[in-house]
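Right, one structure below, let's go through it.
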């Protein structure tokens, strides 16, 4: 689109908005009729038909050098991940993402090409999940800020953190710890074999939210779920708090990818328990309900423990069923330093 | 709520979220049944009933030292204004704001009390417009970032920028230039009489979005509108571009508040034409439609010009109807420096 490198201060806010709008419409993720959009990018607000279904809304903000480092992530990956973490929140409710609004803060010397690469990443994940990008805001900032909001549609059964019951089994989709292993590799510059490096980079920078899985869970009687963003123990603890229950996790059942096991050996379990950013779904339900969903899902589903009445916290059990000491928490803002 | 000064790093992200949630519920703007909320703050996403009406969504991000200076604005005013500018976008579509999601970036040494003051400001404007705050995100950042998204409901007639027709008259609500006059006073430390100073501070820091007015316009046949955020000429130009029309503005008709006229005299017109952030509504319609709306509105409505076929831009006319030279634009990010 641009042969010459051009910076944002050279084209201004309105020039940039025009370029982004054109890009979105060309990519087929902008103002497209099949998304029930009444008014897309370019007015004071966007408008869409709701068809009477319950609406879901979520927002997760990503800030340079807090959530990501431009030394590690490409602009395309950044666009993908910024939408992925929001889509994952909709998936955790059993909903289908429909529309995104994207607020951006960008330094004036950002290249137009970099912004378009970021939108390319957003367009790729938007297409994958039939999501349309229908509005937003672009402003000057001293560092890169991406603040997407995603609106989705739910069926009659919405998955919540507060619906876990004693007697439920606890299950997770996919593998845990891969994203944290990827971050460790990228930060430390570990040299791993090509297959492992590719898998870990993908896991950390381009996570795939479990939208189809969440929808299936909601349709087949699961009631409680959360997406794993802060780490297994921290996120399961949120279920315990919201549902006023306890959880017992058999740590030897926690699914860890063979490539992570091979590369990180003894550290793998810690990565899986507290690493975070896997964006897998954790859910609880009666055993027969979970067994019923397993056969429907294309991704692995692993039962890792059970919900109990007391004590109201996460208890980790070792191979012999004995409670383990655990002082490693999950990610918490204002307390932790990630890239700082 | 807190007797001792406490900083965010002392209570952490989850402590802060708990305090905010408690505050919102106490204020009656959180998870309240009358707002059709299915799931409020505290889960992966919020959920609400849509009743089948068209939904509106908007997001405007505010960044410290780009959009505001903490030397000038209080935390309470900041909370008010951050929601006001988003509510105004819903008003400009003729819709009713319903729900807000608020993403926040805050430095770790921010006082908990300051965050609660900001939520106090948000709660005040939320109550005023029966808006509920149903979710968000709080993260660490090197400077203060507020990124609200507001979802609203529209009737059958949605006001757009692209519906202006040649022959329409152009009207605005309220007075223009007051916000820019307020900013000038606050930045330069001008000492004005108490009444003027109070009016100007309010105009710049606590604008009142024209929600009822927008709704009335939509109900009574107006089709085209925009809220005045970047300045009269800049925003009217957006209508011209979107509707492929031109506009002629009789500058002597532009409504300027008597206190602004008295304090800024010759500069008043420039403030009114290019100042921005007034969050009044500009709309266009046939003369009889505009006359019909005037009697229904409690706020002043002033006809300031007309829509023409050509030329497709804003033409400013002086008292004698002659075209004026005009080189002053509106606000544009990446090109302008406000607080920098």
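Bear in mind these aren't lab numbers, they're just calculated from the coordinates by the rules spelled out. Treat the numbers as computed from the prediction; the structure is a model and nothing was measured. Virtual Cβ from ideal backbone geometry, glycine too; neighbours counted across all protein chains shown.
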*asked:* Using a Debye calculation, one point per C-alpha and no hydration shell, please list log10 I(q)/I(0) for the stretch A:67-223 at q = 0.08, 0.11, 0.20 Å⁻¹ in order.
replied: -0.28, -0.52, -1.25
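Express in % the proportion of alpha carbon pairs of the stretch B:10-62 at distances exceeding 14 Å.
Value for the stretch B:10-62: 66 percent of Cα pairs lie more than 14 Å apart.
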_Can you list the copy-to-copy distances for residue A:253, using a point 7 angstrom from Cα toward Cβ, in nanometres, shortest first?_
7.5
_Just want the ordering: A:283, A:129, from fewest to most Cβ atoms lying within 10 Å of their own Cβ._
A:129, A:283
*With chain A treated as a Gaussian network of Cα nodes joined by springs under 10 Å, which of A:60, A:235, A:267 yields the largest mean-square fluctuation?*
A:267
*asked:* Taking the Kirkwood radius as the inverse of the mean 1/r across Cα pairs, report the Rg/Rh of the stretch A:118-167.
replied: 1.14
*Within the protein assembly as shown, what percent of beta bridges assigned by DSSP are antiparallel, to the nearest 5?*
75
*Label-to-label distances across copies for residue A:70, with labels 7 Å out along Cα→Cβ, in nm, shortest first?*
2.4
*So what's the angle, to the nearest 10 degrees on a 0 to 90 scale, between helix B:8-27 and the longest Cα principal axis of chain B?*
70
_Can you divide the C-alpha Rg of the stretch B:278-334 by 2.2 N^0.38 Å and report the result to two decimal places?_
1.42
*asked:* What is the angle, in °, between the Cα long axis of helix B:112-128 and the longest principal axis of the Cα atoms in chain B? Nearest 10 is fine, range 0 to 90.
replied: 50
_Over all directions, the average projected area of the alpha-carbon convex hull for the stretch B:169-317 comes to how many nm²?_
8.4
*What number, in percent, do you get for the relative contact order of chain B if the mean sequence gap of Cα pairs under 8 Å and at least 6 apart is divided by its residue count?*
21
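Between residue B:219 and residue B:51, how high is the FRET efficiency from 1/(1 + (r/R0)^6) when r is the Cβ-Cβ distance and R₀ = 22 Å? Nearest 0.05.
After rounding to 0.05, the efficiency reads 0.80.
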*Of B:97, B:207, B:142, which is the most mobile in a GNM of chain B whose springs link Cα atoms less than 10 angstrom apart?*
B:142
*Three-way shape call for the stretch B:229-308 based on the alpha-carbon gyration tensor, with the a/c threshold at 1.5*: oblate
_Using Cβ counts within 10 Å as a stand-in for footprinting exposure, how do A:93, B:118 rank, fewest first?_
B:118, A:93
_Normalised radius of gyration for the stretch A:13-153, please: alpha carbon Rg relative to 2.2 N^0.38 Å, two decimal places._
0.99
*Which one of B:284, B:59, B:110 has the biggest mean-square fluctuation once chain B is modelled by GNM with Cα springs under 10 Å?*
B:110
*asked:* Using helices alone, I'd like the mean residue ellipticity at 222 nm for the protein assembly as shown: each DSSP H run of four-plus residues gives -39500 (n - 2.57), total over residue count, nearest 500.
replied: -11000 deg cm²/dmol
*At 7 Å out from Cα toward Cβ: residue A:194 inter-copy label distances (nm, ascending)*: 7.9
*asked:* Neighbour counts of other C-beta atoms within 10 Å: give me A:185, A:297 arranged from fewest to most.
replied: A:297, A:185
*Kindly state, to the nearest 0.05, the FRET efficiency for residue A:286 paired with residue A:250, given R0 = 22 Å and r defined as their beta-carbon distance.*
0.80
*Distance histogram in 20 Å bins (all Cα pairs of chain B, percent per bin)*: 31, 55, 14, 0
_chain A - share of DSSP beta bridges that are antiparallel (%, nearest 5)_ = 75
*Taking 0.36 nm per intervening residue step and subtracting the Cα-Cα distance, what contour gain separates residue A:111 from residue A:191 on full extension?*
25.7 nm
*Rg and Dmax [Cα atoms of the stretch B:77-153; Å; Rg one decimal, Dmax integer]*: 12.4, 40
*FRET efficiency for residue A:303 and residue B:128, using Cβ-Cβ distance with R0 set to 45 Å, rounded to 0.05*: 0.35
*Translational D (Stokes-Einstein, µm²/s) of the protein assembly as shown at 25 °C and 0.890 mPa s when Rh comes from the Kirkwood sum over C-alpha pairs?*
94
